[in-house]
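*Asks:* Have a look at the structure that comes next, please.
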Amino acid sequence: MYGNAADHPDRVRRYPSDMTDAEWAAVRPLLPVPAWFQGRGGRPEGYCHRQLLDAIRYLVAGGISWRAMPADFPAWARV
């Protein structure tokens, strides 16, 4: 739907904290539409929104530090 935030994340579900397809379907319409998509400037996102939300859920569920983020998530500084 929104560039790299489309329906094709390059990461497979592997952690219990990752969203199911049903959860993603419920959350996706609640996310704001990117400015670049509406012609208001900016550039397309570099990471899928679903991956970013999965990373946040992983941090919250595991109580780990940001820098201990597994390598299959976006860089900790981007989340």
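The values are calculated or read from the model by the stated rules, or taken from the named source; none is laboratory data. Because the structure is a prediction, the values reported are computed rather than measured. Don't worry about glycine lacking a Cβ; one is built from the backbone with ideal geometry, like all the others, and counts go over all protein chains shown. Note: accessible area is taken over every heavy atom of the protein model, side chains too, but ligands, DNA and RNA are not part of it. Shrake-Rupley method; radii C 1.70, N 1.55, O 1.52, S 1.80 Å.
*Asks:* Could you list, in sequence order, all residues of region 61-74 that are in a loop (DSSP other than H, G, I, E, B) and open to solvent by 80 Å² or more (accessible area, probe 1.4 Å)?
*Replies:* The first filter runs over region 61-74 and keeps only residues in a loop (DSSP other than H, G, I, E, B), leaving 63-65, 69-74.
The answer is Ala71, and nothing else.
*Asks:* Looking only at region 36-60, how many residues end up being in contact with a Ser or Thr (Cβ under 9 Å, 6 or more places away or on another chain) and open to solvent by 80 Å² or more (accessible area, probe 1.4 Å)?
*Replies:* Selection size over region 36-60: 2.
*Asks:* Could you grab the pairs with beta carbons closer than 7 Å, sequence gap of 6+ or different chains, first residue in region 50-72 and among the charged types (D, E, K, R), second one open to solvent by 60 Å² or more (accessible area, probe 1.4 Å) and modelled with pLDDT under 90?
*Replies:* Within 7 Å, the pairs are Arg67/Trp76.
*Asks:* Here is a further query. Specify which of the listed residues (Trp24, Trp36) is at pLDDT below 80, among the aromatic types (Phe, Trp, Tyr) and part of a helix (DSSP H, G or I).
*Replies:* Working: Trp24 fails: at pLDDT below 80.
Matching residue, one of Trp24, Trp36: Trp36.
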